[in-house]
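Just below is one structure, and these are the notes that go with it.
The values are calculated or read from the model by the stated rules, or taken from the named source; none is laboratory data. Computed from a predicted structure; not experimentally measured. Cβ coordinates were reconstructed from backbone atoms using ideal geometry, including for glycine residues, and neighbour counts include every protein chain displayed.
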Amino acid sequence: MRITGGERRGMKLIEPKGQDVRPTTDKVKAAIFNAIQWDVRDAAVFVDCFGGTGAMALEALSRGVKRAWIFDSARTSIQLIRKNVAKAHYTDRAHIVEGPADRGLDRLAAAGVRADLVFMDPPYRMTEAPVELAHQISDKKIMNSGGILMIEHEKSVIMPLTMGYFTQIKHKTYGITAVDFYRWTPSENEKEV
């Protein structure tokens with residue numbers, strides 16, 4: 001498991017022991033970031049709702065995102081994320097939140113933070129979690145205009161075309177994995193100034 005692009009390209013990350021964490025493969029990670037490369041350049045805030053190893057947030061930071069927020073509810077994952085963030089020398093740009101994604105999003109809202117890129121790769125058994133979290137993001141309006149939501153899931157799962165203020169713009173498959181990309185598109189009268 002490595003960072004695939006940017007200033008830390010090729011850096012090996014500490015991998016999880018056991019089967020509790022299913023990291024996004026390097027191939028899928030590179031494909032995701034290649035698909036959104038122009039959005040990454042302008043992004044100030046990346047959010048990973050199910051951090052696991054921290055690899056996706058570290059990839060985003062390596063490719064130029066200014067700050068990353070990483071949520072995970074498993075203490076062992078939080079410890080691994082902290083080690084990987086320190087190894088990559090991004091402790092000043094990564095905010096790690098121990099707890100479920102919905103509470104992490106509450107923390108973002110309370111801090112007045114708006115995301116540009118949000119990534120969700122929940123355990124595959126949690127098929128409703130991305131839909132619920134997308135609606136929470138919409139309700140709290142914690143995305144910047146034009147922001148991108150990416151959801152990694154099993155290829156057999158069909159994600160909705162719209163969720164809250166998100167509209168699907170792209171669907172990609174990589175073996176047994178699929179990734180859906182959504183753009184934040186609130187109507188004019190629903191945008192916050």
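Miscellaneous remarks
- Checking each residue in region 143-158 for being modelled with pLDDT of 95 or more and over 30 Å from residue 111 (Cα atoms) picks out no residue at all.
- Residues satisfying the stated conditions in region 98-119, i.e. part of a strand (DSSP E or B) and either crowded, with 22+ Cβ neighbours inside 10 Å or among the aromatic types (Phe, Trp, Tyr) (or both): 115, 116, 117, 118, 119
- Residue count for region 164-178 satisfying the condition of being more than 25 Å from residue 25 (Cβ to Cβ) and not in a loop (DSSP other than H, G, I, E, B): 1.
- Out of 46, 50, one residue alone is crowded, with 17+ Cβ neighbours inside 10 Å, of a type in the set (Phe, Trp, Tyr), assigned to a strand (DSSP E or B) and under 15 Å from the mean Cα position of the chain (by Cα). It is 46.
- A single entry from 174, 124, 182 fulfils the requirement of being touching a His at 6+ places or on another chain (Cβ under 8 Å) and in contact (Cβ under 8 Å) with a residue 40 or more places away in the chain: 124.
- Qualifying residue in region 136-146 (condition: of a type in the set (A, V, I, L, M), surrounded by fewer than 24 Cβ atoms within 10 Å (Cβ to Cβ) and in a helix (DSSP H, G or I)): no
- Exactly one residue out of 64, 10, 99 is at positive phi, small (Gly, Ala, Ser) and touching a helix residue (DSSP H, G or I) at 6+ places or on another chain (Cβ under 8 Å), and it is 64.
- Selected residue (criterion: nearest to residue 108 (Cα to Cα)) from residues of region 45-81 that are among the aromatic types (Phe, Trp, Tyr) and free of Cβ contacts under 8 Å to residues at least 60 places away in the same chain: 69
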